[in-house]
């Protein structure tokens, strides 16, 4: 669900890309049928896509805010990606007189091709490529002129006027007049990607830890008894000061309310109570199952 056009030549480079992102939820077989219709140009607009999705019992979530291209120091970059059990990325890097095409699976670069001179690169499904190529043929003189700003405008106009549900009319575009050693850029970008993915993994682990802690919060049952004015927790419980990665742990905590030595404290309907008494008490910690 992407279309990106890139140009590189003697005067610099230009790029334009749409911003559409589509997520499908449903049976794999029905998703594949819907995607096939979409990629082959059988669905003419968003309305037809949503109607066919409903027919196939597939949930479709469409956003037009995905940043697929960017301007780096001395070059331009465009990326299309698919995320499933693996992260697959296809990138174009464009600079004056040279271009690099790169494919990345997770953290590993699986393919790299360097092109010199001038040319046009198109990322997109077969139907989108055909639409773009037809428009480029109509405006071949602009491309041949090598005027970078005019080429950028042409690319943006082409993508803005493509009427298909697999791309957005909202388009980003950039131009660049510098030459850059793309080998060095790719090396740095790959390093940045590894750092980003590692950071993402750590964030996921952190969230999983917090979710695990939340699941352990006690919701019912006898949790302890009053001993010397404090709530002493039974062995299968502990208390924490807050929900975070490394909370402080407590096995005996302050308790507030009308309690007496030996009173058994329980959780009932999310309230702390004294057993066999209609007395609600409170603590300033979170009680959890061990």
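Report whether or not residue 70 is surrounded by fewer than 16 Cβ atoms within 10 Å (Cβ to Cβ), modelled with pLDDT of 95 or more and under 27 Å from residue 176 (Cβ atoms). Break it down stepwise before answering.
Working: surrounded by fewer than 16 Cβ atoms within 10 Å (Cβ to Cβ): yes; modelled with pLDDT of 95 or more: yes; under 27 Å from residue 176 (Cβ atoms): yes.
Yes; evaluated as a whole, the condition is true for this residue.
On the given criteria, is residue 166 free of Cβ contacts under 8 Å to residues at least 12 places away in the same chain, surrounded by 14 or more Cβ atoms within 10 Å (Cβ to Cβ) and over 17 Å from residue 193 (Cα atoms)?
Numbers: free of Cβ contacts under 8 Å to residues at least 12 places away in the same chain: no; surrounded by 14 or more Cβ atoms within 10 Å (Cβ to Cβ): yes; over 17 Å from residue 193 (Cα atoms): yes.
Considered against the rule, which asks whether it is free of Cβ contacts under 8 Å to residues at least 12 places away in the same chain, surrounded by 14 or more Cβ atoms within 10 Å (Cβ to Cβ) and over 17 Å from residue 193 (Cα atoms), residue 166 comes out as no.
Please pick out the residue among 33, 52, 90 that is surrounded by fewer than 17 Cβ atoms within 10 Å (Cβ to Cβ), outside any loop (DSSP other than H, G, I, E, B) and at pLDDT 90 or above. Before you say what the answer is, go through the steps one by one.
Working: 52 fails: surrounded by fewer than 17 Cβ atoms within 10 Å (Cβ to Cβ); 90 fails: surrounded by fewer than 17 Cβ atoms within 10 Å (Cβ to Cβ).
After ruling out the rest, the residue left standing is 33.
Residues being under 23 Å from residue 29 (Cβ atoms) and not in a loop (DSSP other than H, G, I, E, B): count how many of those fall in region 55-83. Talk me through it step by step, then tell me what you get.
At the first step, the residues of region 55-83 found to be under 23 Å from residue 29 (Cβ atoms) are 55-62, 82-83.
Still in the list and also not in a loop (DSSP other than H, G, I, E, B): 55, 59-62, 82-83.
So the answer is 7.
In region 107-127, how many are part of a strand (DSSP E or B) and either exposed (fewer than 11 other Cβ atoms within 10 Å of the Cβ) or without any contact (Cβ under 8 Å) to a residue 40 or more places away in the chain (or both)? Steps first, please.
Residues of region 107-127 that are part of a strand (DSSP E or B), as a first pass: 108-116, 119-124.
Filter once more, so that each one left must be either exposed (fewer than 11 other Cβ atoms within 10 Å of the Cβ) or without any contact (Cβ under 8 Å) to a residue 40 or more places away in the chain (or both): 108, 110-111, 113, 116.
Total satisfying the criteria: 5.
Just a yes or no: is a residue in region 215-230 farther than 19 Å from residue 273 by Cα, loosely packed, with under 11 Cβ neighbours inside 10 Å and not assigned by TED's automatic domain parsing to the domain that holds residue 115? Before the answer, list the steps.
Just the residues of region 215-230 that are farther than 19 Å from residue 273 by Cα, to begin with: 215-216.
Going one step further and asking which of them are loosely packed, with under 11 Cβ neighbours inside 10 Å, we end up with 215.
Next, from what is left, pick out any that are not assigned by TED's automatic domain parsing to the domain that holds residue 115: 215.
The answer is yes; a qualifying residue exists.
Conditions: (1) closer than 15 Å to residue 290 by Cα; (2) surrounded by 13 or more Cβ atoms within 10 Å (Cβ to Cβ). Residue 212 meets all but one. Number of the miss?
Evaluating residue 212 over (1) closer than 15 Å to residue 290 by Cα; (2) surrounded by 13 or more Cβ atoms within 10 Å (Cβ to Cβ) leaves (2) as the failure.
Is there a residue in region 51-68 that is closer than 30 Å to residue 148 by Cα, over 16 Å from the mean Cα position of the chain (by Cα) and in the same structural domain as residue 169 (by TED's automatic domain parsing)?
Initial filter on region 51-68 (closer than 30 Å to residue 148 by Cα): 63-68.
Those still in the list that are over 16 Å from the mean Cα position of the chain (by Cα) too: none.
Looking for residues that are closer than 30 Å to residue 148 by Cα, over 16 Å from the mean Cα position of the chain (by Cα) and in the same structural domain as residue 169 (by TED's automatic domain parsing), one finds none in region 51-68, hence no.
Being more than 21 Å from residue 9 (Cα to Cα), under 27 Å from the mean Cα position of the chain (by Cα) and in a helix (DSSP H, G or I) is the filter here, so list the residues in region 128-163 that pass it.
Listed by number, the residues that qualify are 128, 160.
For the subset of region 128-162 comprising residues that are at pLDDT below 95 and in contact with a helix residue (DSSP H, G or I) (Cβ under 9 Å, 6 or more places away or on another chain), which member is surrounded by the fewest Cβ atoms within 10 Å (Cβ to Cβ)?
Going through the qualifying residues, I end up with 161.
Go through (1) surrounded by fewer than 17 Cβ atoms within 10 Å (Cβ to Cβ); (2) within 27 Å of the chain's Cα centre (by Cα); (3) within 22 Å of residue 103 (Cα to Cα) for residue 181 and report which single condition fails.
(2)
Which of the following residues is modelled with pLDDT of 90 or more, in a helix (DSSP H, G or I) and in the same structural domain as residue 105 (by TED's automatic domain parsing): 178, 184?
Details: 178 fails: in a helix (DSSP H, G or I).
From the options 178, 184, the qualifying one is 184.
Looking only at region 223-247, which residues are assigned to a strand (DSSP E or B) and either more than 19 Å from residue 266 (Cα to Cα) or free of Cβ contacts under 8 Å to residues at least 60 places away in the same chain (or both)? I'd like the intermediate steps shown before the answer.
So the first thing to find is which residues in region 223-247 are assigned to a strand (DSSP E or B), and the list is 223-227, 230-233, 237-240.
Once the filter is applied, which keeps residues that are assigned to a strand (DSSP E or B) and either more than 19 Å from residue 266 (Cα to Cα) or free of Cβ contacts under 8 Å to residues at least 60 places away in the same chain (or both), region 223-247 yields 224, 225, 226, 227, 230, 231, 232, 233, 237, 238, 239, 240.
Note down all Cβ pairs under 9 Å where the first residue falls in region 253-271 and is in contact (Cβ under 8 Å) with a residue 40 or more places away in the chain, the second is surrounded by 13 or more Cβ atoms within 10 Å (Cβ to Cβ) and in a loop (DSSP other than H, G, I, E, B), and they're at least six residues apart or on different chains.
265/255; 265/259; 265/283; 267/218
For residue 11, work out the one condition from (1) surrounded by fewer than 22 Cβ atoms within 10 Å (Cβ to Cβ); (2) outside the structural domain of residue 101 (by TED's automatic domain parsing) it doesn't fulfil.
(2)
The values are calculated or read from the model by the stated rules, or taken from the named source; none is laboratory data. What you see is a predicted model, and the numbers here were worked out from it, not measured in a lab. Every residue, glycine among them, receives a Cβ derived from its backbone with ideal geometry; neighbour counts consider all protein chains shown.
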